[in-house]
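Q: Encoded as structure tokens, here's the structure I'll be asking about.
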Amino acid sequence: MKVLGIESSCDETACAIVEDGKTILSNVVATQIPFHTVYNGVVPEIASRKHTEWILPVVKQALCEANLTLEDIDGIACTNRPGLMGSLLVGLTFAKTLAWATAKPFVAVNHMLGHLYAAHLSNDITYPYLGLLVSGGHSIICKVSEFDDIEVLGTTIDDAVGEAFDKVAKFYNLGYPGGVAIDRLAKNGNPKAAHFPMPNIDKQNRAGNISEGIAAHRYDVSYSGLKTAAINQIDQFWNPDFERTNENIAAAFQETAVKILLSRLFRAVEDTGFTTIVAGGGVAANSRLREMLAAEKGLTCVFPPLKLCTDNGAMIAGLGYQYLSRGETSPWTVNASARVQGFRKNGRE
Ligand code: KG4
Ligand code: ZN
């Protein structure tokens, strides 16, 4: 079964064709990065306009690179949440219209489940495992029993990890996208140049008060403290033995950002006894995160190839195949949503 997958939730207009949820026949990603670089962040209105301009040529290119025509396609999948509303609506409306006009089965899928599926495209992974979903908008540690059966253990209580990378990079003018720039600079910096604090949220209840014994945030992460420390309080945490270079700032920030994630992930490993970890999302491309996880004995860590960590249509086509091959489709009335709702169970509307 050949599924055409469309992804337009943020700033990449992407389309891929994947056979039987595994074999990538084509994978076209038209990145809008040059249009947003000048603003050091994604401008939603520019993003939706570019999606509108590019969606048709990108889908045509995906068919051309796979050496296929629309008649060869057995089903169409598209991201419908979470993401920027305007961006999502372009891809979703295009995908529904294409499926309706060609009378092909259609399924709307969850972008974050797509990120999780990315590792499955190039690896045979057995369930259950722990998922680490880290992107510009989300930081999720979850138990995964099936591609659509997920229990969220922890998430961020404030900023997402990728967002923290982006904001720190923006403040210090390190480059865009921030995560990529920090990762690159950090290779020539020293992580000991600053000692940024780790969040201390374990015993806070949901209202932010300390309540003895109730570990409300056992697996949750927080990045607003690190972000503030790196941007507004750097003098306080800087190690005077080091020069204040961009490389050193990047290395010290990245080290703490990764440690925060791993501290919660390793707790989940301990508590669940799961030893397989599957990562996904843009931050899963981070070289320090990959290095530190690989060094952990007794764990099997599966990462998607770099190209499949950031947004792409292949993960959407692959995930779409899983639903369509079970005969599950979405109604034409299915809408886009900025939120991740429906993620905990099934991930499909
Ligand atoms: O998954 P993604 O492409 O889009 C969302 O769904 O958000 O993730 C984008 C995020 C951005 O915050 C970007 O800075 C971050 O992933 N990112 C990285 C790296 N590559 C991308 N963060 C750290 N290290 C990287 N190498
Ligand atoms: Zn994404």
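The values are calculated or read from the model by the stated rules, or taken from the named source; none is laboratory data. All of these numbers come straight from a predicted model, not from anything done at the bench. Cβ: placed from backbone, ideal geometry, glycine included. Neighbour counts: every protein chain shown.
Q: Might you let me know whether region 63-77 holds any residue that is farther than 30 Å from PHE171 by Cα, touching a residue at least 60 places away in the same chain (Cβ under 8 Å) and within 16 Å of ligand 2 (Cβ to nearest atom)?
A: yes
Yes or no, residue by residue, for (1) closer than 22 Å to VAL221 by Cα; (2) of a type in the set (Asp, Glu); (3) touching a Cys at 6+ places or on another chain (Cβ under 8 Å):
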| site | (1), (2), (3) |
| --- | --- |
| LEU121 | no, no, no |
| THR126 | no, no, no |
| GLY131 | yes, no, yes |
| GLY136 | yes, no, yes |
| ILE140 | yes, no, no |
| VAL144 | yes, no, no |
| PHE147 | no, no, no |
| ILE150 | yes, no, yes |
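Q: With respect to LEU56, determine if the residue is part of a helix (DSSP H, G or I) and either surrounded by fewer than 16 Cβ atoms within 10 Å (Cβ to Cβ) or of a type in the set (Lys, Arg) (or both).
A: Working: part of a helix (DSSP H, G or I): yes; either surrounded by fewer than 16 Cβ atoms within 10 Å (Cβ to Cβ) or of a type in the set (Lys, Arg) (or both): yes.
So LEU56 fits the description; yes.
Q: List, please: which pairs have Cβ atoms under 8 Å, are six or more places apart or on different chains, and start with a residue in region 239-253 that is free of Cβ contacts under 8 Å to residues at least 60 places away in the same chain and end with one that is assigned to a loop (DSSP other than H, G, I, E, B)?
A: ASN239/HIS195; PHE242/ASN190; THR245/GLY189; ASN248/GLY189; ASN248/ASN190; ASN248/PHE242
Q: Just to be sure I understand, how many residues within region 222-280 are surrounded by 22 or more Cβ atoms within 10 Å (Cβ to Cβ) and farther than 30 Å from ALA119 by Cβ?
A: Result for region 222-280: 2.
Q: Among the residues in region 133-140, are any within 25 Å of THR272 (Cα to Cα), within 9 Å of ligand 1 (Cβ to nearest atom) and either assigned to a loop (DSSP other than H, G, I, E, B) or not aliphatic (A, V, I, L, M) (or both)?
A: Looking through region 133-140, at least one residue is within 25 Å of THR272 (Cα to Cα), within 9 Å of ligand 1 (Cβ to nearest atom) and either assigned to a loop (DSSP other than H, G, I, E, B) or not aliphatic (A, V, I, L, M) (or both).
Q: Do we find a residue being in a strand (DSSP E or B), of a type in the set (Ser, Thr, Tyr) and touching an Asp or Glu at 6+ places or on another chain (Cβ under 8 Å) anywhere in region 78-88?
A: Yes: region 78-88 contains one or more residues that are in a strand (DSSP E or B), of a type in the set (Ser, Thr, Tyr) and touching an Asp or Glu at 6+ places or on another chain (Cβ under 8 Å).
Q: Out of all the residues in region 227-253, which are in contact with a Gly (Cβ under 9 Å, 6 or more places away or on another chain) and part of a helix (DSSP H, G or I)?
A: Result: ASN246, GLU247, ASN248, ILE249, ALA250, ALA251, ALA252.
Q: Tell me, yes or no, whether region 290-302 has at least one residue that is crowded, with 17+ Cβ neighbours inside 10 Å, polar (S, T, N, Q) and at pLDDT 95 or above. Step through it out loud before you land on a result.
A: We begin by selecting, within region 290-302, every residue crowded, with 17+ Cβ neighbours inside 10 Å; these are 290, 293, 301-302.
Remaining after also requiring polar (S, T, N, Q): none.
No - not one qualifying residue is present in region 290-302.
Q: While we're on this one: May I ask you to say which residue of GLU247, GLU255 is acidic (Asp, Glu) and more than 18 Å from VAL161 (Cβ to Cβ)? Steps first, answer last, please.
A: Working: GLU255 fails: more than 18 Å from VAL161 (Cβ to Cβ).
Result: GLU247 is the single residue among GLU247, GLU255 that is acidic (Asp, Glu) and more than 18 Å from VAL161 (Cβ to Cβ).
Quick grid of which residues meet (1) within 13 Å of ligand 1 (Cβ to nearest atom); (2) farther than 22 Å from ARG288 by Cα; (3) charged (D, E, K, R); (4) touching a Gly at 6+ places or on another chain (Cβ under 8 Å):
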| site | (1), (2), (3), (4) |
| --- | --- |
| ALA101 | no, yes, no, no |
| VAL109 | no, yes, no, yes |
| HIS115 | yes, no, no, yes |
| THR156 | yes, no, no, no |
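Q: Of the residues that sit in region 141-174 and are out of contact with any helix residue (DSSP H, G or I) (no Cβ under 6 Å at 6 or more places or on another chain), aliphatic (A, V, I, L, M) and part of a strand (DSSP E or B), which one is surrounded by the fewest Cβ atoms within 10 Å (Cβ to Cβ)?
A: Going through the qualifying residues, I end up with VAL152.
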